[in-house]
Amino acid sequence: MKNNKRVLAFDIGGTKIASGIIEFSQKGYKIFDYQKNITPKNKKDVIQKLVELIVDYKKDNNFEKIGIGIAGQIDYKNDKIIHTPNINGFDNLNLKKKIKEMIGEDVEIENDVKCFALAENVFGRVKNYHNIVYLAIGTGIGGAIEFDNKLYRGENNIAGEFGHMIIVENGKKCSCGNRGCLEQYVSGRAIEKLYFEFYGKRKKAKEIAIDSAKGIKKDKKVIKQTSHYFAIGLVNIINTINPEVILVGGSVVKQDEILQLAKKEALKRALIPGRKTKILKSRLGNEATLVGAGLL
């Protein structure tokens, strides 16, 4: 980029709305005025919060455009959100049109993990690879697929929804309406629910991961079971898609233990040629979706 460009970016997830001004240059990017807010419970409040944030950012910052990454399936041709499993009320919503009507601002909207993929491809660890699967594991699980350096969307733009891969027949009920989906066994919420099932107490996923890494047996039991289900998901991806690389990001893998245990088991169980698959942790971490939204 010849000149530095500033954009306003949002990462809307099931539990948080991250936002910030991102300045892109030939050297990379910088994030200014980063904020993290709790995602409101209903559609009206989420939209209102989004609008308030845009207005507040405009008071103190100059930016050229607005990009939004959101956890859900997007009809990118018609700017419509098809379904958001972990955010209530957004099904069949044209958020782009709604924001334009409310405050006259144009925005670009894309699935959060496709934003994550875009950022990692430009600034992350996978610049030199051509066939990549991206996984982001937080409140739920999102995914994206890249073949020959091109994003593969599928016929209806749902390719890469690995979080809704069924791994347990008649298993736990998922927010998508199905049962036994991967994200009911491998996600922040899944880890917290499993801890409660085992011990009848509430504990945050982040604390469970930290305490497991310290060797605390109760937490380690939860992490080991979670990593086992994660390995099943990884094996299915390796054996069906055969990517060069699976790049994993999101808050759940911030502590390395889950990913390392799952990786070890998955590469043992994969078909022999698939054992060459590289399973890597995101370099950009929790910034990736926000940066990708800016790149839109």
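Brief remarks follow.
- Residues located in region 146-166, provided they are surrounded by 22 or more Cβ atoms within 10 Å (Cβ to Cβ) and of a type in the set (A, V, I, L, M, F, W, C): Phe162
- Flag if Ile191 is β-branched (Val, Ile, Thr), modelled with pLDDT of 90 or more, in a helix (DSSP H, G or I) and more than 20 Å from the chain's Cα centre (by Cα): no
- Qualifying residue in region 188-195 (condition: without any contact (Cβ under 8 Å) to a residue 40 or more places away in the chain, exposed (fewer than 14 other Cβ atoms within 10 Å of the Cβ) and aromatic (Phe, Trp, Tyr)): no
- Per-region count, region 206-227, residues surrounded by 17 or more Cβ atoms within 10 Å (Cβ to Cβ) and more than 15 Å from Val186 (Cα to Cα): 2
- Against the list (1) more than 17 Å from the chain's Cα centre (by Cα); (2) modelled with pLDDT of 95 or more, the condition Ala9 fails is (1).
- When the helices (runs of 4 or more DSSP H) confined to region 198-288 are screened for residues that are hydroxyl-bearing (Ser, Thr, Tyr), touching a residue at least 40 places away in the same chain (Cβ under 8 Å) and in the same structural domain as Thr139 (by TED's automatic domain parsing), those reaching at least 1 such residues are found at 205-213, 217-241.
- Against the conditions (1) over 30 Å from Gln26 (Cβ atoms); (2) in contact (Cβ under 8 Å) with a residue 60 or more places away in the chain, Val126 satisfies every one except (1).
- Every residue from region 74-84 that is within 16 Å of the chain's Cα centre (by Cα), at pLDDT below 85 and farther than 17 Å from Asp45 by Cα: His83
Residue-wise test of (1) closer than 30 Å to Ile54 by Cα; (2) part of a strand (DSSP E or B); (3) in contact with a strand residue (DSSP E or B) (Cβ under 9 Å, 6 or more places away or on another chain).
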| position | (1), (2), (3) |
| --- | --- |
| Asn121 | yes, no, yes |
| Val133 | no, yes, yes |
| Ser175 | yes, no, yes |
| Glu183 | no, no, yes |
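- Tally, over region 87-106, of residues that are in a loop (DSSP other than H, G, I, E, B) and either surrounded by fewer than 18 Cβ atoms within 10 Å (Cβ to Cβ) or in contact with an Asp or Glu (Cβ under 9 Å, 6 or more places away or on another chain) (or both): 8
- Test: residue in region 114-132 that is over 27 Å from Asp256 (Cα atoms), modelled with pLDDT of 90 or more and within 17 Å of the chain's Cα centre (by Cα): no
- Pairs where the first residue, in region 141-167, is over 23 Å from Ile232 (Cβ atoms) and not assigned by TED's automatic domain parsing to the domain that holds Glu110 and the second is assigned to a loop (DSSP other than H, G, I, E, B) and among the hydrophobic types (A, V, I, L, M, F, W, C), C-beta under 8 Å, 6+ apart: Arg153/Ala159
The values are calculated or read from the model by the stated rules, or taken from the named source; none is laboratory data. Quick caveat: nothing in here was measured; it's all calculated off a predicted structure. Neighbour counts run over all protein chains shown; Cβ positions are idealised from the backbone, glycine included.
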